[in-house]
Structures are given as C-alpha cells and as structure tokens.
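S.K.: Take this structure, written in structure tokens, and hold onto it; I'll ask about it next.
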Amino acid sequence: MTNILNTYPRSNLTFSHGEGSYLIELNGDKYLDFGAGIAVNSLGYSHPILNNALTEQAKKLWHVSNVYNIPEQETLAKKLCELSFADFVFFCNSGTESIEAALKIARRYFYIIEESKTKNKIISFTGSFHGRTLGALAAGGPSKLEGFNSSIDGFVNLPFGDHDELEKAIDENVAAILIEPIQGEGGVSEVPTHCLESIRKICDEKNILLIFDEVQCGIGRSGKMFAHQWSKVVPDIMTIAKALGNGFPIGACLTTKRVGDTMGHGTHGSTFGGNPLACSVGCSVLDLMNNEFFSNLNKTSTFLIDELNKIINEFPEIISEVRGKGLMLGIKCEVENTKFVDEARKNKMLTIKASDNVVRLLPPLNISIKDCSTALSIIRKVCKNLS
Ligand SMILES: *Cc1c(COP(=O)(O)O)cnc(C)c1O
C-alpha cells in the first residue's frame, strides 16, 4: 500500500543518487540516463558548479516574498532577455504555470489594447502537450478535459501541419497561436522553418500573438538556447521551464515590452515563483551553456544521429527513423515503443516513450562521446533482442 495518489505508472526502480549521465540504484546498479528527468537534468547529475550555486544560496536566503526586490531574480531575467527576443520575464515554478501565464498575458493584451471582451481564442495543435492545469489541458485539445467534466471556451485545436485548416480558423476573435517549435510528448515532431514563418506572417497580418511553448525544447535541448532560434522567427510570448533549474523547480514566461506592459500590479503572481534558490541555480545553468558547450553538444548530436542511422540500416524492422534536433531526438519504432523502452531498461539504459510510437532520447546535454557510444551499443543490443 502506498500513500501516493496513483497518477503515475511507476517502474520498480529506486535511485539513490546520480553522477554525470548516470543514475545509481539503491543496490548500486548504474543506469545510463537518456531521459534526464524528461529533459530536466540537462547538465547531468551532481554538477559541482550547480551544487555549489544551490548550497551557497541555501546558506543565505531561501525565500523572500515577491513584494521585495530579489536580486537573483533580476539577474536571471536579464540573462534570459539578453539571450532572447524578450524584455520582460514572469517567474513561476513549473511548465504548466508558465503556460497559464502566457494564456493570461495574451488575453489581457487585447482586453487592454483593444478593449475587446471577445478576442480570447487560443489556437493550438494536435499532438501538443502544454501541461496539466485546466487552461493548459484545454490548450492540449478537448479530449484532455473530458474526464474532468470540464469544457473551457476560447480554445481551438487544429490538426498539426495543416496550413489550410489554420487559415480557415482565423477570425477576429483569435488572440494567440500556441505552438511547440519541436513537439516533445507528441513524438519529437519538428515544425519546419517555413511553417513557423507562415504562422508568424498570419499573426502579423491578423493582429494575433504568437506563443512558443519551449518548456521541453528550450534551454539548449535543441542545440540552440531556444529551438525557434534555428529560424529567424520570434514569438511575442515564450514559455520555458524543464531544464532551466536542472531539476530545481522553476518556470518562466517571457514577453516583449509592448505585450508585457498590459500586465499591471495584481494581474498575476506567484508565492514561490522567482525565489532566490531557483534563480541562483537558473543563472548558473545559463552561464554553463556557453559557445563551447553548444559546439560540443552539436558535435555529439551529429555523432549520435549518424550512428543511429547505421543501426536503422541494420534493423529496419525494429527502428525506422531518427528525428529531432540537437539532443532532443526521437526514434520511430516499428515494434511497440514500450517494448523498446522496457528492453533498454533491462540493459541499464533509460529512455522515454512519446506519442506516434516514438522513443525519446534526451541525454544530458554535456554527455561525453564515450557515454553515447555505450548508449549506442545498448540500442544495438535492444534491436537485436527484439528481432
Ligand atoms: C512538460 C511540459 C509542460 C508542462 O510542464 P510541467 O512542469 O510538468 O507543468 C508544458 N509544455 C511542454 C512542451 C512540456 O514538455
């Protein structure tokens, strides 16, 4: 009997600690982690600089209310704005909260600027995942709300990749288009640059805000700081979370001055958001993601993709495609993806399933070529065992 609400199917693994790209079980068994807490532990486990950032701040101050100045929060916001299109940052504690902030900001903007009481529609796409709170669930598509006797108006879910349907859905009450530049849960599906460009064009022509959900693909995962930076398209609002604290809970919603100026005192808030502990860690995470880091990451990515394609050639009846960018990779399975994940786990490698029968490979972004080689030999063995 457990006292934990039964919302997760859990494997029987229990980890006591982590080192670099490995998680170590209570009995001492080491698992090569190609899940990284679902794109969270992007600098691996027990990183000395991050451990130091957390413990040094812990000795000084853990929490102070947002009614006071928080220098660590100021510094992290400044870094994020320097790295992106944004002028303002709102800090929260999770991905779903960053989405709620984005939804409120987008609707607030038209309420204030156009004094509109009806321009509230948020367009999102099939296969997307935006979180578990009610607004974020609504953005994830109507089926996600069904089991909770809820329907929330102002959301339109369209087929992913269907430009004509998007054109048809546009009317004067559309406030924002919300999209993940690379869908994570949906199966590592990348939105091509020309699609991002035409969505941006629609937004500009029809006075619609563009929201990028980079909760999973952001903070280095794609091989750039933000996945949309592979294109020249910029959003009006962006959500981030997962990797920003390398495991310390933090989320953020970024926006421009034009849009953010409509969020005055009392329009939004968070008790814990932007606390000194989370922000100190966040600053150190961003500092570690320098040019050399990205150059290594992209070399590792090329190596992994090339080697995975060799395995695909050897075992086309097991895996048939590698997708994604940077170290946000997905392998399309021809067997059930859960079988692949289970077999990899038996061989001491952790991976994560996604929709569309994909297995996600999300290793720490600073993983060594040696650890990648170990992973590749495990993947080869998994394919052999499933053949
Ligand atoms: C994980 C995720 C979320 C939700 O984040 P939580 O921290 O679990 O609330 C939102 N959007 C995307 C793209 C995600 O991958």
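S.K.: With +1 on the Cβ of every Lys and Arg and -1 on the Cβ of every Asp and Glu, and nothing else charged, how large is the dipole of the chain about its Cα centre, in debye rounded to the nearest 20?
M.R.: Taking the Cα centre of the chain as origin, the dipole is about 680 debye.
S.K.: Pick out, from T55, L5, I367, the residue whose Cα sits farthest towards the positive end of the charge dipole of the chain, with +1 on the Cβ of Lys and Arg and -1 on the Cβ of Asp and Glu.
M.R.: T55
S.K.: Which one of H163, G260, N149 is farthest out on the positive end of the charge dipole of the range 50-288, using unit charges on Cβ (Lys, Arg +1; Asp, Glu -1) and the Cα centre as origin?
M.R.: So the residue furthest toward the plus end is G260.
S.K.: Pop out the ³J(HN,Hα) list for the range 43-49 in order, Karplus 6.51 cos²θ - 1.76 cosθ + 1.60 with θ = phi - 60°, rounded to Hz; leave Gly and Pro as x.
M.R.: Taking θ as phi minus 60°, the curve returns 10, x, 9, 6, 5, x, 5 Hz for the range 43-49.
S.K.: Sum -39500 (n - 2.57) across every DSSP H segment of at least 4 residues in the chain, then divide by the residue count to get the 222 nm mean residue ellipticity, nearest 500.
M.R.: -11500 deg cm²/dmol
S.K.: Quick one: Cα centre-to-centre distance for the range 282-358 and the range 94-111, in angstrom?
M.R.: Result: 32 Å between the Cα centres.
S.K.: Most exposed first by the Cβ proxy, i.e. fewest other Cβ within 10 Å, how do M263, M349, M238 rank?
M.R.: M263, M349, M238
S.K.: Let me ask something else. Based solely on C-alpha atoms, express the radius of gyration and the Dmax of the range 1-159 in angstrom.
M.R.: 20.4, 62
S.K.: Next question, about the same structure. Placing unit charges on C-beta atoms (Lys and Arg positive, Asp and Glu negative, everything else neutral), compute the dipole magnitude of the range 215-288 about its Cα centre in debye, rounded to 20.
M.R.: Roughly 220 debye for the range 215-288.
S.K.: Ranking request for peptides 195-208, 247-260, 172-185: highest mean number of other beta-carbon atoms within 10 Å first, then the rest in descending order.
M.R.: The densest-packed peptide leads the list: 172-185, 247-260, 195-208.
S.K.: Viscosity 0.890 mPa s, temperature 25 °C: give me the Stokes-Einstein translational D for the chain in µm²/s, with Rh taken as the Kirkwood radius over C-alpha pairs.
M.R.: My calculation gives 113 µm²/s for D.
S.K.: Highest first, please rank the peptides 213-219, 364-370, 309-315 by the mean number of other Cβ atoms sitting within 10 Å of their residues.
M.R.: Ranking the peptides 213-219, 364-370, 309-315 by packing returns 213-219, 364-370, 309-315.
S.K.: Next up: Holding the Cα-Cα limit at 23 Å, pick out from K242/K346; K310/K339; K119/K242; K299/K384; K201/K232; K144/K325 the pairs that are longer than that.
M.R.: Too far apart for the 23 Å limit: K242/K346; K119/K242; K299/K384; K144/K325.
S.K.: How many angstrom lie between the C-alpha centres of the range 243-276 and the range 142-201?
M.R.: 23
S.K.: Something else: What's the exposure ranking of W62, W230, going from fewest to most Cβ atoms within 10 Å?
M.R.: By the 10 Å Cβ count, ascending: W62, W230.
S.K.: Using the 10 angstrom Cβ neighbour count as an exposure proxy, how do V64, V281 rank, fewest first?
M.R.: Result, fewest neighbours first: V64, V281.
Values quoted throughout were computed directly from the atomic coordinates according to the rules given, and no laboratory measurement underlies them. Predicted model only: the values in this text are computed from it and were never measured. Ideal geometry is used to build each Cβ from the backbone, glycine not excepted, and the neighbour counts take in all protein chains shown.
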